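All remarks here apply to the structure that follows.
The values are calculated or read from the model by the stated rules, or taken from the named source; none is laboratory data. From a predicted model like this one, the values you see are computed outputs, not experimental measurements. For neighbour counting, all protein chains shown are included, and Cβ atoms are generated from backbone atoms with ideal geometry for every residue, glycine included. For the accessible areas, the whole protein counts, side chains as well, though only heavy atoms, and no ligand, DNA or RNA atoms are used. Shrake-Rupley method; radii C 1.70, N 1.55, O 1.52, S 1.80 Å.
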Amino acid sequence: MDLSDYQFDPDQFEIYTKILLITLWKGGYPHEIVCCMFNKCFNGWDHGMDQTTGSGDAGGSAWSPQKIVKELSDLPLEQSCARLEMEYVTFSALPENLVNDCFRILARQMFKRVEEIIKPMDREVRKRWEPILECVVGTTRLSDYFGNHPENNVSDWSYRVARRVKTALVRENWLEKPIEHLLNEIITS
């Protein structure tokens, strides 16, 4: 892979790849990861910007909690995930095949039943999600996970995912370890 085609040096390339991997691996439940990435990952990436005038539509870059609720609430989670992956490929400087490979971490979760992804320490989750426990994750919708204030849920989920990723980066020191160790850890988990 020739990194000279990308907008950052090899060290930055590895850092961005590690952050993407850790977000998809340790970020939390699939619906939380999808919301967080839409909410946080596209800020600052200009989409549809006219380079000569500096004007244009920010397009996919502005995914507020309100926009996420409006546009993604009723889509099956597997469709939201596919859209996220497509937008990530479009806006990031990472190669498409690398992004696709990273997103397989999240895609694997789409085929499990909701009951199978619940963490043992999340006792209240089982009660809240009782109506969808037997559903396949990819067929559920964000609206299945929302409480009375969906925009607040998106903000809370985004914060929690970001906190989990930061914790993994700091406590487990993944930015300093070789990427091969991270990949091995993901494969064996």
Taking the stretch 171-187 and keeping only residues that are open to solvent by 100 Å² or more (accessible area, probe 1.4 Å) and farther than 16 Å from residue 103 by Cα, one is left with 171, 176, 180, 181
Only one of 104, 113 is closer than 25 Å to residue 19 by Cα, modelled with pLDDT of 95 or more and basic (Lys, Arg), namely 104
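When the residues of the stretch 92-118 are narrowed to those that are among the hydrophobic types (A, V, I, L, M, F, W, C) and open to solvent by 30 Å² or more (accessible area, probe 1.4 Å), which ends up farthest from residue 145 (Cα to Cα)? Before the answer, list the steps.
Of all residues in the stretch 92-118, those among the hydrophobic types (A, V, I, L, M, F, W, C) come to 93-94, 98-99, 102-103, 105-107, 110-111, 114, 117-118.
Right, trim to open to solvent by 30 Å² or more (accessible area, probe 1.4 Å) and you get 98, 107, 111.
Details: 98: 30, 107: 18, 111: 17 Å.
That would be 98.
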The condition of being in a loop (DSSP other than H, G, I, E, B) and either of a type in the set (Ser, Thr, Tyr) or modelled with pLDDT of 80 or more (or both) holds, among 52, 23, 17, only for 52
Across the stretch 140-183, the tally of residues that are of a type outside the set (Asp, Glu), within 19 Å of residue 13 (Cα to Cα) and either part of a helix (DSSP H, G or I) or in contact with a Pro (Cβ under 6 Å, 6 or more places away or on another chain) (or both) stands at 9
Looking at residue 80, is it at pLDDT 95 or above, part of a helix (DSSP H, G or I) and touching a His at 6+ places or on another chain (Cβ under 9 Å)?
yes
Within the stretch 91-111, the residues that are of a type in the set (D, E, K, R) and under 20 Å from residue 161 (Cα atoms) are 104, 108
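How many of the residues in the stretch 145-166 are surrounded by fewer than 18 Cβ atoms within 10 Å (Cβ to Cβ) and over 16 Å from the mean Cα position of the chain (by Cα)? If you could, list the steps in order and put the result at the bottom.
If we filter the stretch 145-166 for residues that are surrounded by fewer than 18 Cβ atoms within 10 Å (Cβ to Cβ), which is where we start, we get 146-149, 151-152, 155-156, 159-160, 162-163, 166.
Remaining after also requiring over 16 Å from the mean Cα position of the chain (by Cα): 146-149, 151-152.
Residues that pass the stated criteria total 6.
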Scanning the stretch 119-140 residue by residue, those closer than 18 Å to residue 106 by Cβ and open to solvent by 20 Å² or more (accessible area, probe 1.4 Å) turn out to be 119, 135, 136, 139
Only unsatisfied item for residue 85, checking (1) part of a helix (DSSP H, G or I); (2) open to solvent by less than 20 Å² (accessible area, probe 1.4 Å), is (2)
